[in-house]
Every structure is written in structure tokens, then in C-alpha cells.
1. Would you be able to say whether some residue in the range 43-57 is of a type in the set (Asp, Glu), in contact (Cβ under 8 Å) with a residue 12 or more places away in the chain, assigned to a strand (DSSP E or B) and within 12 Å of residue 9 (Cα to Cα)?
2. Restrict the check to the range 51-59 and report whether at least one residue is in contact with a Ser or Thr (Cβ under 8 Å, 6 or more places away or on another chain) and at pLDDT 95 or above.
3. How many residues are open to solvent by less than 30 Å² (accessible area, probe 1.4 Å), within 25 Å of residue 69 (Cα to Cα) and not acidic (Asp, Glu) when one looks only at the range 25-54?
4. Which one of these does residue 126 not meet: (1) assigned to a loop (DSSP other than H, G, I, E, B); (2) free of Cβ contacts under 8 Å to residues at least 40 places away in the same chain; (3) under 26 Å from residue 2 (Cβ atoms); (4) open to solvent by 20 Å² or more (accessible area, probe 1.4 Å)?
5. Applying the selection to the range 86-106, what residues are of a type in the set (S, T, N, Q), surrounded by fewer than 16 Cβ atoms within 10 Å (Cβ to Cβ) and modelled with pLDDT of 80 or more?
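The values are calculated or read from the model by the stated rules, or taken from the named source; none is laboratory data. Quick caveat, the model's predicted, so the values are computed rather than measured. Using ideal geometry, Cβ is built from the backbone for each residue, glycine included, and neighbour counts are taken over all protein chains shown. Just the protein is used for accessible areas: all its heavy atoms, side chains included, with ligands, DNA and RNA removed. Shrake-Rupley method; radii C 1.70, N 1.55, O 1.52, S 1.80 Å.
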Amino acid sequence: MMGTIAPPAARALARLHEAGFEAWLVGGCVRDMLLGCAPKDYDLATSARPEETKAVFQGETVLETGIRHGTVTVLLEGMPLEITTYRVDSGGHDHRHPDEVHFTPSLREDLARRDFTVNAIAYSPESGIVDP
């Protein structure tokens, strides 16, 4: 049983979906929810490119925190949400510091690049858990 999603994170997923993009919770927030704990922060993975994410959240504070790697931080109702475009990495000495990032339309390809098994699990209220 999954825990409850904080309203700002749920609204971010909904806004991306309403704009025609895929969007999933990923990383530690999914782990915490599986454990029945309230997540301390939320990371989202999406098919939207950074410029598309910025357009979806026009009118909100959007920070280009890792734009080179496809990540923007949206402050929604006071909650920071890291939203990253699906990507695959190449080069580098570990998965945390790639030499290059290439965007992909595939959630599964994005999950395959993650460094811990639990980080490769995605969740969406509409679709449930994806654990390739």
C-alpha cells in the first residue's frame, strides 16, 4: 500500500498529465511511500523537456537547478519539486556524474540508468508502480 502524496506533488503530476506529458514520482519519495512514511521531498521524472516543463508551470517559480541534465525545480505551493526529463547517461566514472546526458521518450530507459534498485521504481496514482 502506498502512502499519501503531498498535494503539491499530486498537483504537479496532474498538471503535466493535463498538458499531455507522462509524469511519475521517482527515487526516495517512492521508497518512503512504500515504507508507509511521509516523503521529505519529491522527485518527478517526465517526458516533458525542460522548456516544456517550464511552460507547464508558467506563473510559478521555476529554478534551472540542473538544466544541463534536464532538471528544473518548481516551487509549487511552497514545496520544491525536482522535475527531470527522462534521460540516459553516457561516460563518466559513475552514474551520478555523467559526461553526457541524452533525453529519451522512455520511462524504462530512464529507470535503467538509476544507481539503486529502489531508485528504479516509479509511481503514478493513475498507473500504479512501475518496477522493471
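1. Within the range 43-57, one or more residues are of a type in the set (Asp, Glu), in contact (Cβ under 8 Å) with a residue 12 or more places away in the chain, assigned to a strand (DSSP E or B) and within 12 Å of residue 9 (Cα to Cα).
2. Yes, some residue in the range 51-59 is in contact with a Ser or Thr (Cβ under 8 Å, 6 or more places away or on another chain) and at pLDDT 95 or above.
3. Total meeting the criteria: 14.
4. If we test residue 126 against (1) assigned to a loop (DSSP other than H, G, I, E, B); (2) free of Cβ contacts under 8 Å to residues at least 40 places away in the same chain; (3) under 26 Å from residue 2 (Cβ atoms); (4) open to solvent by 20 Å² or more (accessible area, probe 1.4 Å), just (2) comes out false.
5. Matches in the range 86-106: 106 only.
For every residue, the table says whether it meets (1) in a loop (DSSP other than H, G, I, E, B); (2) at pLDDT below 90; (3) surrounded by fewer than 16 Cβ atoms within 10 Å (Cβ to Cβ).
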| site | (1), (2), (3) |
| --- | --- |
| 62 | no, no, no |
| 108 | no, yes, yes |
| 115 | yes, yes, yes |
| 132 | yes, yes, yes |
